[in-house]
Structures are given as C-alpha cells and as structure tokens.
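The values are calculated or read from the model by the stated rules, or taken from the named source; none is laboratory data. Here the structure is a predicted model, which is why all the values come from computation and not from measurement. When we count neighbours, we look across all protein chains shown, and the Cβ atoms used for this are built from the backbone with ideal geometry, even at glycine.
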Amino acid sequence: MSETILIVDDEPRVIRLVSEVLKAVGYQVIAAATGESAIEMVALERPHLILLDIRLEHGIDGYEACRRIREFSEIPIIMLTAKAREKDMLHGFDVGADDYLTKPFSAKELVARVRAVLRRSQNPEEIITASLTCGELEIDFARRNVKVRGDKVSLTRTEYELLCQLATNVNRVMLHRELLSEVWGPEYRDEVDYLRAYIRYLRRKLETDPSNPEYILTSPGAGYVLACPE
C-alpha cells in the first residue's frame, strides 16, 4: 500500500499541481483548504506525511495548525512557504515542522523532499549506546529523552536526529555534507544554510548561552562537533 500524503493549501491550483506530481510517482493524496479541516483529517485519515502551507487565508495559519497537530501526532510535516526566511524556519521548527519547501518548487525537488522525509520517519537511526552524559546534557537513546540540568527538553524529530548524529560521533567534527546527508538525506548535502539554522535553534534549546556554546561547537569552514569531556 502506498503512502498517503495530505496537502494543506488554500490555492486549488497548487493542490491540483502537487497532487498530479505525487500521484504520478505512486502516492495517494488527500487535501484540505484550511488548518482546521487539516487537523480533523489528520485525526481521521492518519496520513503518512503532511505538506502544509504557512499562509492560509482563512482560519488558523500553518504554524498554528502544525502546533495543534503536534499535540496528538508525530506525522512528519513539510512546511510550504513563499519566502524561506530564517525567522520563519525557526518558528516552524518551534511548532514541530520537519522540513521546509520554498515556492515555487520543481516536481523533482518536491518528490525528493517527500521521499527524504518519509525515509527519515520510517527508518530511524539505530543507536548502539544506551545513553550519553555530556556535562549537564543527558541523552537517553532508548527512551529518546534529552535533559539539560535535569529538565526535559522538547525536540522535534529532526532536531533529535541531528543531535543523535553528533552524539554518536562525540568529540569528532562532522562535516557539513556528512551531517546533511546522514540526517536529511543525500539530496540535502549542499544545504549548508539549512543546517546552520537547525544548529542555531538546537543551541537555543540546549545551551545556557547559545552565542557562546559549550556543547555544540563550530569547526569553522568544516562542520560541527558535540564536545564532551574525555
């Protein structure tokens, strides 16, 4: 049985074009024109992935719809936006988005992103180590729990996968392309600005002073490392 994708957009033309592309490669498609109807469809239809436009003209916007969906579901969500500004991306990550796709996008890019996000959600990274303690940062891989100074930190699926990649390679610099390929897929290996935005937001959740991090350090021009005392 092929995966079902929910398209949430108030432009019938966009829904029609995206539906045609996804159906052509074997996906089943359902659609909603408002955030409220999207939430209801997620609860009733249980799609495998959601393509959610940020700017919905009627009712709640895409951010609020994403936030409400995250209250009861971990279904992966790709936000659709006309402008990929960093503040929009960070807001999306905050409410639980897994990825972004900037309009206008090609059929090839759409399919590649959908496949990559579905692959990540269906094939989580296997972790050998049960847990890792790095100063005041604790990662329980078995329970997928992250704590800082004893307080649980809420991470999106993608944020957690990024942290896991750094944690399973603790004290080793992971190159930009390496991280992008491992967490998002080979289709993303050149999206360095994308990675920087995720790192910046992850630091906001984990670091006492995000501008002067002690855990997730930058290796200028190369990548990032999760630094822990030997």
Filter pass, T168 being under 18 Å from A227 (Cβ atoms), surrounded by fewer than 18 Cβ atoms within 10 Å (Cβ to Cβ) and of a type in the set (S, T, Y): no
Qualifying positions in region 168-191 - assigned to a helix (DSSP H, G or I) and either charged (D, E, K, R) or closer than 16 Å to C134 by Cβ (or both): R177, E178, E182, E187
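Tell me which residues, restricted to region 119-134, are part of a helix (DSSP H, G or I), at pLDDT 80 or above and crowded, with 18+ Cβ neighbours inside 10 Å.
Residues of region 119-134 part of a helix (DSSP H, G or I): 119-122.
Adding the requirement that they be at pLDDT 80 or above leaves 119.
Scanning region 119-134 gives no hits.
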Test: residue in region 180-196 that is of a type in the set (K, R) and either crowded, with 17+ Cβ neighbours inside 10 Å or within 12 Å of the chain's Cα centre (by Cα) (or both): yes
Residue that is nearest to G35 (Cα to Cα), among those in region 1-13 that are hydrophobic (A, V, I, L, M, F, W, C) and within 22 Å of the chain's Cα centre (by Cα): V8
Hits in region 28-86 (condition: more than 26 Å from Q122 (Cβ to Cβ), assigned to a loop (DSSP other than H, G, I, E, B) and not small (G, A, S)): T34, R55, L56, E57, H58, I60, D61, K83, R85
Condition check for N171: of a type outside the set (D, E), farther than 20 Å from D151 by Cα and touching a residue at least 24 places away in the same chain (Cβ under 8 Å): yes
Out of E178, E191, sole residue that is of a type in the set (D, E) and touching a residue at least 40 places away in the same chain (Cβ under 8 Å): E178
For L206: the one exception among (1) farther than 17 Å from E136 by Cβ; (2) buried (at least 20 other Cβ atoms within 10 Å of the Cβ): (1)
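Of the residues V95, V29, which is touching a Leu at 6+ places or on another chain (Cβ under 6 Å), more than 20 Å from E191 (Cα to Cα), surrounded by 16 or more Cβ atoms within 10 Å (Cβ to Cβ) and of a type in the set (V, I, T)?
Only one candidate qualifies: V29.
Here's the yes/no breakdown for (1) at pLDDT 75 or above; (2) in contact with a Gly (Cβ under 6 Å, 6 or more places away or on another chain); (3) within 27 Å of F141 (Cβ to Cβ); (4) not assigned by TED's automatic domain parsing to the domain that holds V18:
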position	(1), (2), (3), (4)
M89	no, no, yes, no
V95	yes, no, yes, no
D99	yes, no, yes, no
K103	yes, no, no, no
V111	yes, no, no, no
Of the criteria (1) surrounded by fewer than 19 Cβ atoms within 10 Å (Cβ to Cβ); (2) modelled with pLDDT of 90 or more; (3) not basic (K, R), which one M174 fails: (1)
Hits in region 8-27 - residues which are touching a helix residue (DSSP H, G or I) at 6+ places or on another chain (Cβ under 9 Å), charged (D, E, K, R) and assigned to a helix (DSSP H, G or I): E20
